[in-house]
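One structure is given here, and the rest of the page talks about it.
Rule-based calculations on the coordinates, nothing more; no lab input. Small disclaimer: the values here were computed from a predicted structure and weren't measured. Using ideal geometry, Cβ is built from the backbone for each residue, glycine included, and neighbour counts are taken over all protein chains shown.
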Amino acid sequence: MAEPATTSNRMLERVAMVLDAVEGSSASASELGRRTGLSVSTVHRLALSMVEYGFLRRVDDGDFKLGHRFVRTALESIATPILTELRNVTGETAQMWIRRGERRICRVTVDSQHELKATLPAGSTLELPNGSSGRLLSHDPEALESVEEHGWVESVGRRTPGLGSVSAPVMLRDQMIATLCLAMPLSRVEVSPGRDFGENLARAARMVGTELETAKQL
């Protein structure tokens with residue numbers, strides 16, 4: 001006689017059911033319930049958790065769609081040459097970060113060619129809300145206000161003494177899906193990370209979002 005499914009297996013089965021249900025088109029919680037056979041309350045709680053981890057995303061009308069975890073390859077492919085050019089123009093380490101739960105993950109990094117540099121390898125994780133990207137990805141009100149005013153948010157020695165950073169959001173259909181970040185030793189900063197590099201960074205972040213939007217429409 002087959003062993004009963006474990007709780008974790010049942011959860012994985014439900015996640016797979018929800019992913020299958022939105023593969024063809026977006027769906028509301030009630031529609032997800034109809035497609036999966038799960039109760040609306042159960043599938044709604046599950047879908048919200050899946051949004052948190054990037055398996056689903058929520059659109060303006062409240063429907064659920066496949067999340068940005070499934071466009072990661074496209075996002076990284078688009079971001080890498082843009083970050084490389086940003087590094088070449090500014091001379092500083094350029095990175096792309098995404099949120100996963102209460103942490104952020106570096107998906108792409110292009111290191112500064114200076115001997116003295118700020119660097120973290122791709123795959124590195126940091127707790128939120130530390131750093132300029134951490135503040136943005138955790139939707140810190142002051143960080144969002146800075147983006148509204150300047151297009152970027154900066155950090156001066158807040159996470160690591162002697163290092164600074166400036167970050168800007170990558171937007172897809174009015175949703176922040178990632179951040180671009182420039183990190184540098186404060187010894188090379190003339191005014192501040194944002195004043196020195198923010199304009200170039202914000203332009204690069206807009207370019208990533210625009211190219212990703214175009215790629216998704218092809």
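Rounded to the nearest 0.05, what FRET efficiency is calculated for E148 and V59 with R0 set to 22 Å and r the Cβ-Cβ distance?
Computed FRET efficiency for E148 and V59 comes out at 0.50.
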- Note on the structure: Note on the chain: contact order normalised by length, alpha-carbon pairs under 8 Å, 6 or more apart, percent, works out to 14 percent
- Item | Cβ-defined net charge surrounding T42, 12 Å radius [Lys, Arg +1; Asp, Glu -1] | +3
- What ³J(HN,Hα) values, in whole Hz, does the Karplus curve 6.51 cos²θ - 1.76 cosθ + 1.60 give for region 158-174 when θ = phi - 60°, with x put for Gly and Pro? 7, 8, 10, x, x, 10, x, 7, 9, 10, 9, x, 9, 10, 9, 6, 6
- Item | Rg and Dmax [Cα atoms of the chain; Å; Rg one decimal, Dmax integer] | 19.4, 72
- For the pair V89 and H114, how long in nm is the line joining their label points, each one 7 Å along Cα→Cβ? 1.8 nm
- Which order results if H150, H139 are arranged by neighbouring Cβ count within 10 Å, fewest first? H139, H150
- Cα gyration tensor of region 32-134, axes a ≥ b ≥ c as square roots of the eigenvalues: rounded (a/c below 1.5), prolate (a/b > b/c) or oblate? prolate
- Task: Provide V156, V170 in ascending order of the number of other Cβ atoms located within 10 Å of each residue's Cβ, fewest first.
- Result: V156, V170
- Note on the structure: Here the residues of region 101-130 lying in the modelled label zone of L186, meaning backbone nitrogen under 15 Å from a point 7 Å along Cα-to-Cβ, are 118
- Task: Could you calculate the contour length gain from L48 to R103, that is, 0.36 nm times the residue separation minus the distance between their Cα atoms, to one decimal place in nm?
- Result: 18.1 nm
- Cα centroid separation - region 59-128 against region 5-45, whole Å: 29 Å
- Note on the structure: So the pair-distance distribution of region 7-66, from every Cα-Cα distance in 5 Å bins, comes to percents of 4, 22, 35, 28, 8, 2, 0
